[in-house]
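Enquirer: Pasting a structure here, questions to come.
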Amino acid sequence: MSVKHKGLFFLLALLLIFVLPPVMARWLYQHAHEYHLKHTNVGYLLKQPIATHDFFRPALTKHWHVVLANNNCCDARCQTTLHNLQQIHTALGKAQSRVVINLMQPPLCKHTSASSVAQLPYSPRLMAKLKQQNNADTVLLIDPHGNLVLTYPTDTNGIPVLKDLKHLLRVSQIG
């Protein structure tokens with residue numbers, strides 16, 4: 001290798017070492033949303049949280065609420081999802097007191113036999129709003145301020161809900 005090529009190689013190496021990292025950092029900063037690099041939740045995060053104060057009286061406050069929202073009466077699939085949600089509640093351990101499991105279904109349906117599941121009044125307006133966002137029958141996660149923040153499909157096995165709930169309970173001091 002000649003002296004001229006050594007100098008060119010040395011200059012190129014210096015450029016790569018000192019110029020490439022800031023350029024890559026800037027590019028990653030601008031395009032992080034495309035690659036979900038800051039993505040820590042498993043459920044579907046709503047772009048605009050829905051305030052549930054308009055849909056439920058009394059308002060859902062003071063606790064985190066996991067709501068199984070159903071457009072129809074609770075069938076076998078719904079019962080399986082409820083069982084998974086109860087298992088999530090058990091898996092929370094000492095944080096169980098911060099979370100309430102709820103079921104929302106049409107008023108003509110009979111109440112489920114699950115004792116640890118609170119019944120919420122059915123809200124057609126909320127269901128219509130969820131349907132607009134393609135989340136008709138779904139599991140909802142509502143924060144202690146009454147904002148609907150995350151949704152999950154009803155056929156979820158519960159692990160994604162548990163993962164997000166544990167993360168939220170760990171980082172939040174409310175509820």
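The values are calculated or read from the model by the stated rules, or taken from the named source; none is laboratory data. Only a predicted model underlies this, so the values are computations on that prediction, with no experimental measurement involved. All Cβ positions, glycine included, derive from the backbone under ideal geometry; neighbour counts span all protein chains shown.
Enquirer: Please count how many residues of the range 86-103 are in a helix (DSSP H, G or I) and among the β-branched types (Val, Ile, Thr). Don't jump to the end; show me each part of the working.
Expert: We begin by selecting, within the range 86-103, every residue in a helix (DSSP H, G or I); these are 86-91, 93-98.
Within this subset, residues satisfying the condition of being among the β-branched types (Val, Ile, Thr) are 88, 90.
Count: 2.
Condition check ((1) in contact with a strand residue (DSSP E or B) (Cβ under 7 Å, 6 or more places away or on another chain); (2) at pLDDT below 85; (3) within 16 Å of PHE56 (Cβ to Cβ)) across all residues:
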| position | (1), (2), (3) |
| --- | --- |
| LEU92 | yes, no, no |
| ASN102 | yes, no, yes |
| PRO106 | no, no, yes |
| LYS129 | yes, yes, yes |
| PRO144 | yes, no, yes |
| PRO153 | yes, no, no |
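Enquirer: Identify all residues within the range 122-175 that are closer than 22 Å to PRO107 by Cα and basic (Lys, Arg); write none if there are none.
Expert: Scanning the range 122-175 gives ARG125, LYS129, LYS131.
Enquirer: Which one is modelled with the highest pLDDT, of the residues in the range 30-48 that are surrounded by 10 or more Cβ atoms within 10 Å (Cβ to Cβ) and part of a helix (DSSP H, G or I)?
Expert: From the range 30-48, those surrounded by 10 or more Cβ atoms within 10 Å (Cβ to Cβ) are 31-32, 37, 39-46; that's our starting set.
With part of a helix (DSSP H, G or I) added as a condition, the list becomes 31-32.
Numbers: HIS31: 78, ALA32: 70.
Residue satisfying both the conditions and the ranking: HIS31.
Enquirer: Please state which of the following conditions PRO49 fails to meet, knowing it meets all the rest: (1) in contact with a helix residue (DSSP H, G or I) (Cβ under 8 Å, 6 or more places away or on another chain); (2) touching a residue at least 40 places away in the same chain (Cβ under 8 Å).
Expert: Answer for PRO49: the failing condition is (1).
Enquirer: Quick one: count up the residues across the range 160-175 that are at pLDDT 85 or above, among the small types (Gly, Ala, Ser) and either in a helix (DSSP H, G or I) or surrounded by 13 or more Cβ atoms within 10 Å (Cβ to Cβ) (or both).
Expert: Total meeting the criteria: 0.
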